[in-house]
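Encoded as structure tokens, the structure appears first; notes follow it.
None of the figures in this text is laboratory data; all of them are computed from the coordinates on show. These numbers come from a predicted model, not from an experiment. Note that we place each Cβ from the backbone using ideal geometry, even for glycine, and neighbour counts take in every protein chain shown.
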Amino acid sequence: MIRHPDTVIKGGRLIDASGEQSGDILISDGHIVAVGQDLQGEILIDAGGCIVSPGLVDLHAHLRQPGKEETETIASGARAAVLGGYTAVLAMPNTTPTIDCAAVVREVLELGRASVCDVHTTGAITVGRAGEQLAPMAEMAALGVKVFTDDGTGVQDDRLMRRAMEYASGLGLTLAQHCEVNSLSEGTCMHEGEWSARLGLPGQPSESEELMVMRDIALARLTGAKIHFQHMSTAGSAALIAAAKAKGMSVTAEAAPHHFTLTDACCEQYDATFKVHPPLRSQSDLEAIKNALAAGSLDAIATDHAPHAAEDKELPFDQAPPGMLGLEYALALAFSELVDGGEMTEAEVLAAMSWRPAAIAGMDNHGQRLVVGVPANLCVIDPSQRWVIDATGGASLSRNVPYVGKEVRGKVRHTIVFGEVVVRDGEVQR
Ligand code: DOR
Ligand code: ZN
């Protein structure tokens, strides 16, 4: 293992799951070795006026490798991640080939180890994400995969989903679901409502998502499986999850930044930058997602970072692929929309972006309290810095950013992964 010089982070507001204090952190050999005042190290990172937090953890990143390396690679996605303050990401399996067996898992993890971020991967629930036959989850689990999903689509067949839950819970694994009932969403390209009617575009109803949330809550009750709901977008979904939690079920759920910042009205110009699955919903859905994040019934903020080539996003709205970038903007969007909107505190946003997602994914090296002995996976955020999102900078190989021109608050200044300063003053170091 490469030894990095001892690093001291000086004078920050240290925020973690236990609360806030001020002080320095000394890092040596990849770990926090001291927390206190007047600490010294070879490398000095000035955190004056900044928040020092456990690194962010993204439960939902499309890194596109293998298969679509012109839009993102594991290396480029990892660079985008650390610029956004993430020290760990969970890759989605809808690559070509699908991440549905040990060989592909091994390839992704190997590329991840050479990258600047700690890259974990999901495995597919079904072979080729085709929804017909269970994938060999045990052989992927043996390589450390803990979360399985067919993301990009939901598992349609009730019986197969039941079997997947039985198989996964026997192995202590978590299933994550992209909730979308195909028979209600096929042929649609946006949310069904006033705007789809106005624009003459076929819409998918909220019920396309909610029916699958309902089914999976019922199947989780039947099987005892751990289920995580991905990118929840509707008021109804948020209510179903809150009700399941109130009954004591151990379901978890995430929301994506675009679902608490943008609505279906953004599709007005037929610009496919705003096309995403699940689709941008109504203003009242957006409010419900914010409230559910604030209440904790939605546990985590996950990016659904989905790079696409410019020529694909320039296709007509109904033909363009769904998805938008997120890794480099998520934290600033959360501070701007949720903290400045009065819904959440900075510490609550960090909980939803660091320690709660780390717990959901079983990533023990991330989201830990800032105490002696834990791996040094940290980020330093300047909460007062305002900046305007543009589509020219950034580390992603794609440019499908729906927030161009938006002024936001909160900038990641430094990111430290296993003791290595991989982002310094907003620049990736390797
Ligand atoms: O908008 C989306 N893009 N939703 C998905 O489920 C898949 C993703 C992608 O891979 O582009
Ligand atoms: Zn998805």
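Quick check: the angle from helix 158-170's long axis to the longest principal axis of the chain, C-alpha only, nearest 10 degrees?
In the chain, helix 158-170 runs at an angle near 30 degrees to the longest axis.
Please report, largest first and rounded to whole Å, the three semi-axes of the ellipsoid equivalent to the stretch 170-210, where each semi-axis is the square root of five times an eigenvalue of the C-alpha gyration tensor.
30, 9, 7
Taking the Cα atoms only, what angle lies between the long axis of helix 207-223 and the longest principal axis of the chain, rounded to 10 degrees?
That helix lies at roughly 70 degrees to the long axis.
Mind checking the dipole of the chain: about its Cα centre, +1 per Lys or Arg Cβ, -1 per Asp or Glu Cβ, Debye to the nearest 20?
720
Students often check this: by mean Cβ neighbours within 10 Å, which of 324-336, 243-255, 276-288 ranks highest, and how do the rest follow?
So the peptides 324-336, 243-255, 276-288, ranked by packing, come out 324-336, 276-288, 243-255.
Stretch Asp340-Glu186 to full length: gain in nm at 0.36 nm per residue minus the Cα-Cα span?
Contour length minus the Cα-Cα distance gives 51.7 nm.
Could you tell me what fraction of 2.2 N^0.38 Å the Cα radius of gyration of the stretch 317-430 comes to, as a two-decimal ratio?
Here the answer is 1.17, to two decimals.
What's the ranking of 14-20, 235-241 by average number of surrounding C-beta atoms within 10 Å, highest first?
235-241, 14-20
Give the span of the stretch 186-336's Cα atoms along each principal axis, as three whole-Å numbers ordered largest to smallest.
45, 32, 26
Straight-line reach from Lys146: which lysines fall under 19 Å, measuring Cα to Cα and dropping same-chain residues less than 8 apart?
The reachable lysines, counting only those whose Cα sits under 19 Å from Lys146, are Lys226.
Peptides 151-163, 77-89: what's the order by average Cβ count within 10 Å, highest mean first?
With the highest mean Cβ count within 10 Å placed first, the list reads 77-89, 151-163.
Would you list which aspartates and glutamates come within 18 Å of Lys313, measuring only between C-alpha atoms, while excluding same-chain residues fewer than 8 positions from it?
Leaving aside aspartates and glutamates fewer than 8 places away in the same chain, those within reach of Lys313 are Glu69, Glu70, Glu72, Asp264, Glu268, Asp271, Asp304, Asp390.
What's the Cα-based Rg to Rh of the chain, Rh via Kirkwood?
Expressed as Rg/Rh, it is 0.95.
Report for the chain the percent antiparallel among DSSP-assigned beta bridges with both residues inside it, nearest 5.
Counting DSSP beta bridges with both partners in the chain, the antiparallel share is about 50 percent.
Using alpha-carbon positions, what is the distance between the centroids of the stretch 97-132 and the stretch 16-57, in Å?
The two parts, judged by their Cα centres, are 33 Å apart.
For Lys290, list the lysines whose Cα falls under 23 Å from its own Cα; do not include residues on the same chain fewer than 8 positions away.
Lys245, Lys247, Lys275, Lys406, Lys411
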